[in-house]
Structures are given as C-alpha cells and as structure tokens.
Amino acid sequence: MVENYAILPCNGLDKCAGVISRELAIRLCENAKNEIICPVYYRVAEAKYNKIAGGHSLLVIDGCQTRCASKLAAEKNLKISQKLTITEEAKNHNIELKSNLRLLENENALIEIILSDLNNAQDQGRRSSVETSSLINFEYETYQNSKFIFRVPKNPEVYFNENDCWACVVGNRARIGVTDFVQQNLSDILYFTPPEIDAEIDQFGEVGEIESSKSVFELISPVSGKVISINETLVQKPELINENPYELGWFAEIGLTDFESDKELLIGFDKYFEIMKTKVEEING
Amino acid sequence: MSETTFMGVERDKIDWKPAIDYTKCDYCMECVKFCSHKVFEVRETEDIKLIVRNPNNCVVFCRACSKICGPDALSFPDKNATSQRIREIRKEESNG
Ligand code: SF4
Ligand code: SF4
C-alpha cells in the first residue's frame, strides 16, 4: 500500500495526462492515509502544504515531460521520495493517450494499472545492493575552471564514453556512473531514478536518470550487460552524486556480457580528461 | 567549436540527430532552451518555426531533449544500429 505520502500531482487541466494525474492523486488519497498537495493552491497557501510535505514522504505525479510538478517541488525545496510520469507510464503499458479531457476506458485502465503497480512495488520493497564499498581506490587528476573543480579518476580500471559516463571494470562486472562534468553542470541533484534490477542493457543504452532543478540527465551506459545491483543509498540521498560521483554516487553494477567488444568504443583517462577540459572551456569560456 | 569526431570517426559519417514530428510539436521551444549545442534553429517568421540546423552538433547517443519535450515530438535513430555503424566505419578505416 502507498501510505503516509503527500501526493503532488501535475493537475494540468487542459491535457489528458494532467487530468489523469489529478484523478490518480484523488484515488491514492481516498483509499489510504495520504494527503494531496494542490499545485495551484500551493502558490498562495505555502505554509499549509509545507507542513503536509514535511510530515510525509513525497510522491510527485508529473503529467508529461514538462515536469511541472517536479519543478514545483524543486522550487519549494521539497525532497521527492518517489515519482512517476503519466505519459511514460502510458508508453510502458502500451496505452495511447489522446486529447480528451474526460476519463474514458483507456485512461481509467491506466489509472488502475498504475495503482496496482504502486501498491505492489511498495509491498515488495526494492532489492538493493549489498556491497556499498568502493571497488578500487580511486586516484584523481583535477581540473579547475573558475570556482568549479572537476575530478577524473586515473585508474586503468576506469573507462569512459564521450557522453561523460564512466565504468569501473573489475573481473566480469562493472560499476557505472556519471563524471564530475555532469554533476557540476546539473548542480544540486534532487532525484535519482535507478534502473530495474535484471534489466538487459546495451552499450550506450540508458541506465537510470538523475534530475536537478536545472535539468535531467540519463546515464548512457559505457558497457553492455545485465543490471545486478543498484546503489540504493542514492534513492534517499541523490546529493551524494554531487559529493563524489565515483565513490559514493555510482548508479548501478552491471554483469558484463561482452566487454572486449564494448572496450573498442571506450576511452581511458588521458583522452577523456582532454575532451572534458575542452567541453568545460566551451561552456565557461 | 563543435566536436568533429566521435570515437575517432568523422562526425559527418554518423547519422545521429533529432527528428521533429511537426504534427506533435507545439513550438514551446523548451528543446532550444535546453540544448546548449545549437542543434536547433528558431525561425519566428516562417510557417515551420523550428528546424534541426546543425545535426552534427548533436551529441552522439544523447537523447536528452526528447525527455523534456512535453508532446513527445522528438525522435532519434536506433542506438544499436548507430553503434554498429561506428564499429564498422572504424574497422573499414583501420583496414583501409
Ligand atoms: S520541446 Fe518538443 S514541442 Fe517544444 S519546440 Fe521542441 S520539439 Fe517542439
Ligand atoms: S540530443 Fe542532446 S545534443 Fe542532441 S539536440 Fe537533443 S539535447 Fe542537444
């Protein structure tokens, strides 16, 4: 059961996905001890909703990728503990949303599916990583540009792609994450969406997502294989990615299937360090 | 300056860029604001107000702008096919 949540829905009234968000929030509040946060009334009744948000875990329901509800949470400094996006859910469940603003068969079916998914996930809990210690002793080279410091690991076990993601390969598994370049650009990371355990990943496939008030970034996997564990700590403390994206802020561990072939399209420290410096200079001048 | 190679392959040989579905796009221009690589161009006075101007500026394997596009109007080539193609080109070039 989803219980004791503050629910912040998108409530966009002129889009089908917004109307579904609203209905889903109402349903979640009807059946359990959850409280709704009205995004419109929040603008004028700040104290009321801050109090509700303070006393509950926060579930944010975005209608579409414009992410108005997530942005509102970021603006109000609320810590999101779970979220979902209606258009994504519809896609995942092969339900086509049209432009109708009344809930019809499809929309109601989607609401039922999401409700049951939410409840099941809550009951099962999430499988987490057992081992959180570092795989290796990271050694860094640093590059400073104005007040920003960028660390890049020099260890030969660490490989990079040109999409600013790294993989630390030990035996037949790899830990993966984003580099300092990504975390500095996003600034304060507020939300981490882990990949599914057991998901099969292609090289350059997306594995998990992080979000700040500025932007969203999907990790582009340097390696192919299967997700064997995720960094559960990040779900509660995504800010660890800002602190150290290599030792604390890794996303997941991948059981490797064809690293010899993956390696052909990866680079080592020397090359990545140069590429990253060029990118930083392009942005900051 | 934009990258001219990706993994040692001339950027021009790699087909990776967003495609705009004009039946869905509502010209909110969130993608333009979002992407720092000057891939898109806004054309205020034209009928089609947004085009992909510099496809080679698009970061290979990035699909970030499609994630912030509300109406889901942006699509990309298949990643596997693209990485396969990059491998082939690298092989051809190292043999030739
Ligand atoms: S974000 Fe999507 S809808 Fe908005 S202008 Fe870009 S392509 Fe069009
Ligand atoms: S995919 Fe990335 S680099 Fe390409 S246009 Fe979109 S945001 Fe810009």
Determine, yes or no, whether B:Ser66 is facing chain A (nearest Cβ under 10 Å), within 14 Å of ligand 1 (Cβ to nearest atom) and not in a loop (DSSP other than H, G, I, E, B). yes
Kindly establish whether B:Val59 is surrounded by 13 or more Cβ atoms within 10 Å (Cβ to Cβ), near ligand 2 (Cβ under 10 Å from one of its atoms) and more than 14 Å from every other protein chain (Cβ to nearest Cβ). no
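Okay, residues lined up against (1) within 11 Å of ligand 2 (Cβ to nearest atom); (2) modelled with pLDDT under 95; (3) of a type in the set (D, E, K, R):
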| site | (1), (2), (3) |
| --- | --- |
| B:Tyr22 | no, no, no |
| B:Cys65 | yes, yes, no |
| B:Phe76 | yes, no, no |
| B:Ser83 | no, yes, no |
Looking only at residues in segment B:1-40 that are more than 12 Å from every other protein chain (Cβ to nearest Cβ) and part of a strand (DSSP E or B), which one is most open to solvent (accessible area, probe 1.4 Å)? B:Glu10
Going through segment A:12-41 in order, the residues found to be more than 17 Å from A:Asn120 (Cα to Cα) and in contact (Cβ under 8 Å) with a residue 40 or more places away in the chain are A:Gly12, A:Leu13, A:Asp14, A:Lys15, A:Cys16, A:Ala17, A:Gly18, A:Val19, A:Ile20, A:Ser21, A:Glu23
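Matching residues to (1) open to solvent by less than 60 Å² (accessible area, probe 1.4 Å); (2) under 20 Å from the mean Cα position of the chain (by Cα):
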{"residue": "A:Pro39", "(1), (2)": "yes, no"}
{"residue": "A:Arg43", "(1), (2)": "no, no"}
{"residue": "A:Thr87", "(1), (2)": "yes, yes"}
{"residue": "A:Leu103", "(1), (2)": "yes, no"}
{"residue": "A:Ala109", "(1), (2)": "yes, no"}
{"residue": "A:Glu112", "(1), (2)": "no, no"}
{"residue": "A:Ser116", "(1), (2)": "yes, no"}
Before we move on, is B:Ile86 closer than 25 Å to A:Asp202 by Cβ and either assigned to a loop (DSSP other than H, G, I, E, B) or in contact (Cβ under 8 Å) with a residue 24 or more places away in the chain (or both)? yes
Are any residues in segment B:72-96 open to solvent by less than 40 Å² (accessible area, probe 1.4 Å) and under 19 Å from A:Ser215 (Cα atoms), and if so, which ones? B:Ala73, B:Leu74
Regarding A:Leu266, is this residue closer than 30 Å to A:Asp198 by Cβ and more than 14 Å from chain B (Cβ to nearest Cβ)? no
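The values are calculated or read from the model by the stated rules, or taken from the named source; none is laboratory data. On a predicted model such as this, the values are computed, not experimentally measured, just so you know. All Cβ positions, glycine included, derive from the backbone under ideal geometry; neighbour counts span all protein chains shown. Ligands, DNA and RNA are stripped out before the accessible areas are found, and what is left, the full protein with its side chains, is counted by its heavy atoms. Shrake-Rupley method; radii C 1.70, N 1.55, O 1.52, S 1.80 Å.
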